[in-house]
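These notes are about the structure you will find just below.
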Amino acid sequence: MKTEYSIITENLTKKFDDFTAVDGINLKIRKGQIYGLLGPNGAGKSTTIRMICGVLTPTKGKGEVLGLDLYSQAEDIRQNIGYMSQRFSLYEDLTVLENLSFYASIYSLTRGEKKERIAELIKMAGLEGKEKRLAGQLSGGWKQRLALGCALIHKPKLLILDEPTAGVDPVSRRIFWELIYQLANQGITILVTTHYMDEAESCDEVSFIFKGKILAKGTPEELIESKNANNLEDVFISYVEEQTGQKVKTSFNDMRFICNRKEGRKK
Ligand SMILES: Nc1ncnc2c1ncn2[C@@H]1O[C@H](COP(=O)(O)OP(=O)(O)OP(=O)(O)O)[C@@H](O)[C@H]1O
């Protein structure tokens, strides 16, 4: 498989007993790309990610991550990627510094490397002055950036983010995405799942997953054009409607209109 790609999967499939959660997924993610996986709840995004991270063995198909085989080199994959889940994987009763230090030990950084890297990451995450705060006492946005720092401690070339901005405020989301851009500009490949369509539009390429299958993939511009839509949210809804045969009743604009009318009636 070619080395210009950080992730390649062919017919990647995962079954849980008789249920097929991921059904023949083909991905080619170039080095340095920000790649988004989109899809409704239960579509199979996290299961796909867990296979790519080397924590879940596929039922069928093949794949390479950073040139490493998904089956025979899963442990090497786990060591070489950065992973951040929506639950942030922090130790809430440890301080900011202790969390970073803990992750540095897991990846066997030397004492010198550890000190230097932790200082870099504290700065990157804007956590200066908060080093001695317990992670559990940080607000959502700070926790999120600390978790990102922990995921980057060993300078991974591939960063995998599973709904990293779920539950954080809009300002924190923007700050987080600025960091993501900076990392991509440094050549780090980023695979991210999100339910936020503004975030999806910030990706270089995206795939829509529905019931374990990829329905469409391309740049956000290509997908918007292909459906003659105004934005990725409308494209997403259009695919869901096609697949379920059910019309999603109203756009947000229509809803605002309906609410205004109701307000009007009350007066
Ligand atoms: N360990 C498991 N055993 C059985 N079924 C599972 C398991 N893990 C996931 N599933 C099922 O596989 C399907 C896909 O789940 P997955 O978590 O990958 O979806 P998702 O797209 O990440 O959803 P969300 O957006 O809600 O996080 C779901 O129906 C889920 O219930």
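Quick notes on this structure:
- Filter pass, Arg87 being over 26 Å from Thr194 (Cβ atoms) and among the charged types (D, E, K, R): no
- Among the candidates Ala135, Ala104, residue that is closer than 23 Å to Ala166 by Cα and touching a helix residue (DSSP H, G or I) at 6+ places or on another chain (Cβ under 9 Å): Ala135
- Breaking point among (1) assigned to a loop (DSSP other than H, G, I, E, B); (2) in contact (Cβ under 8 Å) with a residue 24 or more places away in the chain; (3) surrounded by fewer than 20 Cβ atoms within 10 Å (Cβ to Cβ); (4) more than 12 Å from the ligand (Cβ to nearest atom), for Asn11: (1)
- Leading residue by the ranking (nearest to Glu92 (Cα to Cα)) among those in segment 136-150 that are crowded, with 22+ Cβ neighbours inside 10 Å and of a type in the set (Gly, Ala, Ser): Ala147
- Residue count for segment 150-162, restricted to those that are part of a helix (DSSP H, G or I) and farther than 20 Å from Ile49 by Cβ: 0
- Test: residue in segment 72-87 that is of a type in the set (S, T, N, Q) and within 16 Å of the ligand (Cβ to nearest atom): yes
- In summary, strands (runs of 3 or more DSSP E) completely within segment 14-90 and bearing 3 or more residues that are under 23 Å from Gln144 (Cα atoms) and hydrophobic (A, V, I, L, M, F, W, C) occur at 34-38.
- If you go through segment 32-57 and pick out every residue that is surrounded by fewer than 20 Cβ atoms within 10 Å (Cβ to Cβ), more than 9 Å from the ligand (Cβ to nearest atom) and at positive phi, you end up with 1.
- Just so you know, in segment 19-31 the residues that are over 30 Å from Val248 (Cα atoms) and surrounded by fewer than 17 Cβ atoms within 10 Å (Cβ to Cβ) include one that is nearest to the ligand (Cβ to nearest atom), and it is Arg30.
- Residues located in segment 200-211, provided they are surrounded by 23 or more Cβ atoms within 10 Å (Cβ to Cβ), within 14 Å of the ligand (Cβ to nearest atom) and not in a strand (DSSP E or B): Ala200
All of the numbers you see were taken from the coordinates with simple rules; none came from a lab. Values in this document were obtained by computation on a predicted structure and should not be read as measured data. Neighbour counts are summed over all protein chains in view; Cβ atoms, including those assigned to glycine, are modelled from backbone coordinates with ideal geometry.
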